[in-house]
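**Q** Structure provided below as structure tokens; questions to follow.
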Amino acid sequence: MRLITFTVDGDRPRLGAWIDQDERVIDFNLAAAARQEPVAELSSMLALICSGDRGMTRARDIGVDPPPRSIRASRECRLLAPLPEPTQIRDFLCFEEHLRNVLTAAIELRARASDDPDATRAALRASPAFQVPSVLLERPLYYTASRNCVAGHDDEVLWPAYSKLRDYELEFAAVIGRPGKDIPRDTALDHIFGYTIFNDLSARDEQFAVMEGRLGPGKGKDFDGGNVFGPCIVTADEITDPYSLTMTARVNGEEWSRGSSGSMRHRFEDVIAYASRSETLHAGEMLCSGTVGTGSGFESLRFLEPGDIVELEIERIGLLRTRIAVA
């Protein structure tokens, strides 16, 4: 199923499913009411995820034969983040190419700002600080992002006033459905409810500054609307091979990035097994892949401007669009 969270005329958020090539929406609240069934399990995306197989069986049953009065035209609906209040957001570094590209770009950025670019470039290339740390290749390391800074498809994100280097990051995300602890790698995919697109907006100048403290990206990532998800969550049964998906980013209609989920060095199986070591993963957690190779402007030293429209697209999921605004 292609599940969405939406509003109509500013009303409360509602859970729905796209049908007919995403042209129409099943409103699960209206469907349950029409069938005189309980609505709790279908009241929100998180409620559905937490209800497990029971809730999904009901949702699929409604999807086969939805009551006519529960169908809405998609054009009447304003999309929200499909999971507006995630239980947790963890962002991993799964794509080795992105890491290598970022290190190369960081060297070039510093070299251009120096009095002797060639000498600076050579010195930085030889520095251990600009080599790929072996631990990042051995483990799917992550930081925890702010679950309160979420935006959805077609939202306008107000860029923080403290930043001038505005960037997007094209990422793939898995949503945990079945909780678990010490999850074996070979059964890890059974814990995934579905997949969505993640735009990890990044205030690069602030991120560069605070990363010197070795405590994570901090305010380089945490600002209102900085975690953009959508447009929908595609249930895991609809994507039998999550590692064969083309990933594309466009800015104002121009392609800036192209990659594939197949280039993940650490796959979702690795991510789930690692994150669940001696810790329970809960329903509604978002596990993000990190940026696909070439999947950020920084890798080519191109940054966003006020008014830019960023479109991230992942095959089989859809397109996530964001407009960058400044005060």
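**Q** So, R0 is 22 Å and r is the distance between the beta-carbons of V132 and R214; what FRET efficiency does that work out to, to 0.05? Don't jump to the answer; show the numbers that get you there.
**A** Values: r = 17 Å, r/R0 = 0.76.
Once rounded, the FRET efficiency stands at 0.85.
**Q** Now a separate question. Work out the FRET efficiency for A113 and D308 from their Cβ-Cβ distance, taking R0 = 22 Å, and round it to the nearest 0.05.
**A** Values: r = 24 Å, r/R0 = 1.07.
Approximately 0.40, to the nearest 0.05.
**Q** Give me the distance in nm between label points sitting 7 Å out from Cα along the Cα-to-Cβ direction at R75 and L189, one decimal.
**A** If labels sit at R75 and L189, their model points lie 3.9 nm apart.
**Q** Skipping prolines and chain starts, which residues have an amide H placed within reach, meaning under 5 Å, of the one on T291, given they are 5 or more residues away or on another chain?
**A** Counting only residues 5 or more places away or on other chains, the set is C94, F95.
**Q** What dipole magnitude, in Debye to the nearest 20, does region 105-257 give about its Cα centre under +1 on Lys/Arg Cβ and -1 on Asp/Glu Cβ? Don't skip to the answer; put the middle values down first.
**A** Details: 16 positive and 25 negative charges, 109 e Å.
So the dipole magnitude of region 105-257 works out to roughly 520 debye.
**Q** Moving on to the next point. Using a simple spin-label model with points 7 Å from Cα along the Cα→Cβ vector, what separation in nm is obtained for R277 and V39?
**A** Calculated label separation equals 4.5 nm.
**Q** Okay, moving on. Using unit Cβ charges (K, R positive; D, E negative) and no other charged atoms, how large, in debye to the nearest 20, is the dipole of region 2-79 about its Cα centre? List each step's numbers first, then the result.
**A** Numbers: 12 positive and 12 negative charges, 17 e Å.
Dipole magnitude for region 2-79 comes out near 80 debye.
**Q** Treat every Asp and Glu Cβ in the chain as -1 and every Lys and Arg Cβ as +1, leave all other atoms uncharged, and give the resulting dipole magnitude about the Cα centre to the nearest 20 debye.
**A** On the way: 38 positive and 51 negative charges, 75 e Å.
So the dipole magnitude of the chain works out to roughly 360 debye.
**Q** Largest first and to the nearest Å, give the Cα extent of region 200-312 along each principal axis.
**A** Result, largest extent first: 39, 36, 25 Å.
**Q** Give me the orientation-averaged projected area of the Cα convex hull of the chain, in nm², one decimal. Please list the in-between numbers first.
**A** Working: hull surface 68.6 nm².
The Cα convex hull of the chain, projected and averaged over all directions, gives 17.2 nm².
**Q** While we're here: Positive end of the charge dipole of the chain (Lys, Arg +1 and Asp, Glu -1 on Cβ, about the Cα centre): tell me which of H282, G297, P82 has its Cα farthest that way.
**A** Projecting each Cα onto the dipole axis, the largest value belongs to H282.
**Q** Any lysines with Cα under 18 Å of the K164 Cα? List them, leaving off those in the same chain fewer than 8 positions away.
**A** Excluding near neighbours in sequence, the set is K219, K221.
Just so you know, all these numbers are worked out from the coordinates, no wet-lab data involved. Since the model is a prediction, treat every value here as computed from it, not as a measurement. Counting neighbours? That spans all protein chains shown, and the Cβs are built from the backbone with ideal geometry, glycine included.
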